[in-house]
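Below is one structure, written out as structure tokens, with a few remarks after it.
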Amino acid sequence: MSKTVQAVRGMRDILPAETPIWQHLEKVISEVLLSYGYQEIRFPIVEKTELFKRSIGEVTDIVEKEMYTFDDRNGDSLTLRPEGTAACVRAAIENGMLHNQIHKLWYTGPMFRHERPQKGRYRQFNQVGVEVFGLQGPDVDAELILITRRLWEKLGILPHVRLELNSLGTIESRAVYREKLIEYLSAYETDLDEDSRNRLHSNPLRVLDSKSPQTQEIVKNAPNLLSFLDNESAEHFEQLKQFLDDSGVEYEVNPRLVRGLDYYSKTVFEWITDKLGAQGTVCAGGRFDGLVDYLGGKPTPAVGLAMGMERLIGVVEEIESIESPANVDCYLVLAGNAAQRKGLQLAESVHNALPDLKLVTHCGGGSFKSQLKKADKSGARIALIIGDDEVTNNSVNIKFLREDKPQLSYQEDELIDNLFKIFG
Ligand code: ATP
Ligand code: MG
């Protein structure tokens, strides 16, 4: 026998036992976003490699070592999207959505990064992303945070996540800080971890969020980004904090929370949980006023966030067991050839009359006894039974599988009304 083919490392199947929790999260998230007037956008999962190189930046983990890049048959370099923001901006520019317009958008789908697979870190994973274009004030930054707080509340995980907040200032104010930071870090150059040493001159802000304990010690006494903020960014940050205070959102200002990319400005934030070990960030967001311009569009302020679905599901599963809803309400048992013919028709009329009822029609024949066993195993509340006698009499039997109630028998034309009574 030949060897079976396995899934690609770091890419998982989501099996039927898991899909109910996915559907639950997807439903809650899309409903909340809709209720705030956000519209869904969908774009391809493959883009030209250049888009990500330009937007995410050459000196980042993603572009340096995580992208799934391949040549198309005609030699173009393409990449499976490692995140959604760049593609969303590309789509917005290309479709003329950014001329004096405001757009509040969201999307969901798989992202691809060639990382070392571990808990909370996969090579294909799912994000929900939200991006707002055309608004520059801190009110919309606050709104994004309020939306996420509402989501955590609805998902029952609010007590298990905390919010960290920072401001990166403008590109100009950051340039001054950058020099000071390089000056400070250079004194410890040999003690920094390898990645940080490599980034010292190319992307020193990323050293601030290095995960190496020794680098973290060094960074503790580094110059504080917040004391280098320009007036406008400082004002923006103060107002954002005020809005959050007004709405009772708790947060912690973390001056070492950064994004290593030039086009980020002002607000950055992360929702972090202690429930998942090292991979604790469930949602990360920030303002990127420079990106649209950088990608060739008309300068447009923008702010957004991305949440990791696998990690959110991980937190939800840590704290509660979501009862998966019964997959079957009603199981149609069909004993004999005549019953089988009748059954498919009867099932259609039940589906017409009660479109939300989960009715499974037995297929594949077999004895009455074995069908009834299957009905019980399916978790259905009732079995509808048709045998030879019922075909002759135009009747249907109802057997309660979970309740101590006598079996009922109805004429076919009374069945729908009685199903309404049972499941109404
Ligand atoms: P990390 O520091 O964990 O590598 P990141 O900065 O690379 O995160 P972002 O690009 O900000 O992550 O992505 C937003 C969110 O997407 C993360 O907060 C996380 O919840 C999720 N995420 C990122 N990478 C992965 C992955 N490989 N597997 C599962 N979820 C991920
Ligand atoms: Mg990463």
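The values are calculated or read from the model by the stated rules, or taken from the named source; none is laboratory data. The shown structure was predicted, so the numbers you read here are calculated from the model rather than taken from an experiment. Neighbour counts run over all protein chains shown; Cβ positions are idealised from the backbone, glycine included. The protein model used for the area step is the full one, side chains on, heavy atoms only, and it has no ligands, DNA or RNA in it. Shrake-Rupley method; radii C 1.70, N 1.55, O 1.52, S 1.80 Å.
Considering only Gln214, Gln279, Gln411, the Gaussian network model of the chain with Cα springs below 10 Å gives its largest mean-square fluctuation to Gln411. Accessible surface for the range 164-223, divided over its residues, is 51 Å² per residue with a 1.4 Å probe.
Each residue of the range 369-377 was assigned a 3J(HN,Hα) from its phi angle through the Karplus expression (A = 6.51, B = -1.76, C = 1.60, θ = phi - 60°), giving 4, 5, 5, 5, 4, 5, 4, 5, 5 Hz with x at Gly and Pro.
In the range 162-313, the DSSP beta bridges split such that about 90 percent are antiparallel, to the nearest 5.
The angle between the Cα long axis of helix 85-94 and the longest principal axis of the Cα atoms of the chain comes to about 90 degrees, rounded to the nearest 10.
For the chain, a crude dipole built from +1 on the beta carbon of Lys and Arg and -1 on the beta carbon of Asp and Glu, taken about the Cα centre, is about 1220 debye to the nearest 20.
If I take R0 = 60 Å and measure r between the Cβ atoms of Glu235 and Asn337 in this structure, what FRET efficiency does the formula 1/(1 + (r/R0)^6) give, to the nearest 0.05? The computed FRET efficiency comes out at 0.15. Relative contact order for the chain: 14 percent, from Cα pairs under 8 Å spaced at least 6 residues apart, divided by residue count.
Note on the chain: with neighbouring protein chains present and a 1.4 Å probe, carbon and sulfur make up 48 percent of its accessible heavy-atom surface. Each Cα pair under 8 Å and six or more residues apart adds its separation to the average, and for the range 350-423 the resulting relative contact order is 21 percent. Taking Cα atoms only, the orientation of helix 412-423 departs from the longest principal axis of the chain by about 40 degrees. Between amide H atoms placed 1.01 Å from N, distances below 5 Å from Arg259 occur with no residue 5 or more places distant or on a separate chain.
The range 1-31 and the range 166-220 have their alpha-carbon centroids 38 Å apart.
In the range 348-424, taking the dipole from charged Cβ atoms about the Cα centre, the farthest positive-side position among Ile422, Thr392, Gly364 is held by Gly364. Taking amide H positions as modeled 1.01 Å from N, with prolines and chain starts lacking one, the residues under 5 Å from Leu332 and 5 or more places away or on another chain are Val360, Thr361, His362, Leu384. Coupling constants for the range 338-346 follow from the phi torsions by the Karplus curve (6.51 cos²θ - 1.76 cosθ + 1.60, θ = phi - 60°), and in residue order they are 5, 5, 4, 4, 5, x, 4, 5, 4 Hz; glycine and proline get x.
The residues neighbouring Thr108, those whose beta-carbon lies less than 14 Å from its own, together hold a net charge of -3 under the Lys/Arg +1, Asp/Glu -1 convention.
The residues packed around Pro44, meaning those with a beta-carbon under 11 Å from its beta-carbon, carry a net charge of +3 if Lys and Arg are +1 and Asp and Glu are -1. Relative to the longest principal axis of the Cα atoms of the chain, helix 138-155 runs at roughly 40 degrees. Take the range 18-117 with all the other protein chains still there, run a 1.4 Å probe, and you get 51 Å² of accessible area per residue.
Only beta bridges with both residues in the chain are counted; by DSSP, about 80 percent of them are antiparallel.
Magnitude of the charge dipole for the range 334-408, about its Cα centre and with charges confined to Cβ atoms of Lys, Arg (+1) and Asp, Glu (-1), is about 280 debye. The range 394-424 and the range 320-392 have Cα centres spaced 12 Å apart.
For Ala339, the shell of other residues with beta-carbons less than 10 Å away shows a net charge of -1, using +1 for Lys and Arg and -1 for Asp and Glu.
When shorter helices are ignored and each DSSP H run of at least 4 residues is given -39500 (n - 2.57), the per-residue value for the chain at 222 nm works out to -11500 deg cm²/dmol. A dipole drawn for the range 79-234 from +1 and -1 charges on Cβ atoms has a positive end, and of Asn203, Ile171, Thr108 the residue lying farthest that way is Thr108. Residues Lys377, Lys298, sorted by accessible area with the largest first, give Lys377, Lys298 [1.4 Å probe; ligands and nucleic acids excluded].
The Cα center of the range 33-107 and the Cα center of the range 262-289 differ in position by 18 Å.
Database remark: amide H of Gly109 closer than 5 angstrom to the amide H of Gln127 (H placed geometrically; neighbours at sequence offset of 5 or more, or on other chains; Pro and chain starts carry no H).
Each residue of the range 404-409 was assigned a 3J(HN,Hα) from its phi angle through the Karplus curve 6.51 cos²θ - 1.76 cosθ + 1.60 (θ = phi - 60°); the sequence is 8, 10, x, 5, 10, 9 Hz, with glycine and proline shown as x.
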